[in-house]
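This report refers to the structure that appears directly beneath it.
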Amino acid sequence: MDPIKMPAFTQPLADWQKAAIDASLASARSALEGAEQLMRLNLATARATLEQQTQIAQELLAVKDPQQLEALRAKLAQTSMQSSAAYAHAIYEIVNESQARLAKLAQEQMSQLTEGSNKATAAMGTGAPGADIAANALQSTMAASNSVLESLRKASRQFAELSEANMKAV
């Protein structure tokens with residue numbers, strides 16, 4: 001008895017599954033990298049804030065008259081605003097880098113999926129009667145998905161550019 005042979009289009013499906021697992025792992029690594037960067041930023045900010053508050057307390061204890069207190073208050077307000085702006089900018093940079101990495105991974109995954117889909121539909125089209133109709137439907141679906149993904153990518157890029165312009169304005 002002959003062993004059962006798998007249809008020719010099952011190999012591309014197995015390849016898709018492997019690519020999907022690889023892409024999921026790469027996305028998880030990228031997300032963890034971004035989280036790690038945020039954690040480092042928060043830790044550094046906490047340390048700097050502690051040092052800054054210690055210095056402020058010492059300066060407040062050294063105040064002798066109302067004019068010194070007013071000058072110190074103005075200095076503290078300006079320093080606080082500058083620190084907040086720097087922190088927001090650092091967060092923006094981390095989020096922007098993470099988004100760019102994830103968008104690149106998504107684009108690579110979609111390219112691999114499209115390539116695999118084209119190979120699978122070509123293999124499907126040579127099989128059973130009517131398979132060419134299913135293959136054409138799958139190719140049409142993939143083309144529509146690519147179009148939607150490209151639109152989302154463009155919208156994401158526009159949003160990132162707008163956000164960057166706003167961050168630079170601050």
- request: Compute the length gained on full extension between Ser163 and Asp132: take 0.36 nm times their separation in residues and subtract their Cα-Cα distance, giving the result in nm to one decimal.
  value: 6.6 nm
statement: The summed charge of the Ala62 Cβ neighbourhood (under 15 Å; Lys/Arg +1, Asp/Glu -1) stands at 0
field: Ordering of 24-31, 87-94, 63-70, 76-83 by packing [mean C-beta count within 10 Å, highest first]
entry: 87-94, 24-31, 76-83, 63-70
field: Gln107-Leu72 pseudo-label distance in nm [points 7 Å out on the Cα-to-Cβ vector]
entry: 5.3
- request: Rounded to the nearest 0.05, what FRET efficiency do Lys154 and Ala20 give with R0 = 35 Å and r taken as the Cβ-Cβ distance? Could you check?
  value: 0.90
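Computed from the coordinates by the stated procedures, all read-outs in this text should not be read as laboratory data. Computed from a predicted model, the values in this text were never measured in an experiment. So basically every Cβ, Gly included, is an ideal-geometry build from the backbone, and we count neighbours across all protein chains shown.
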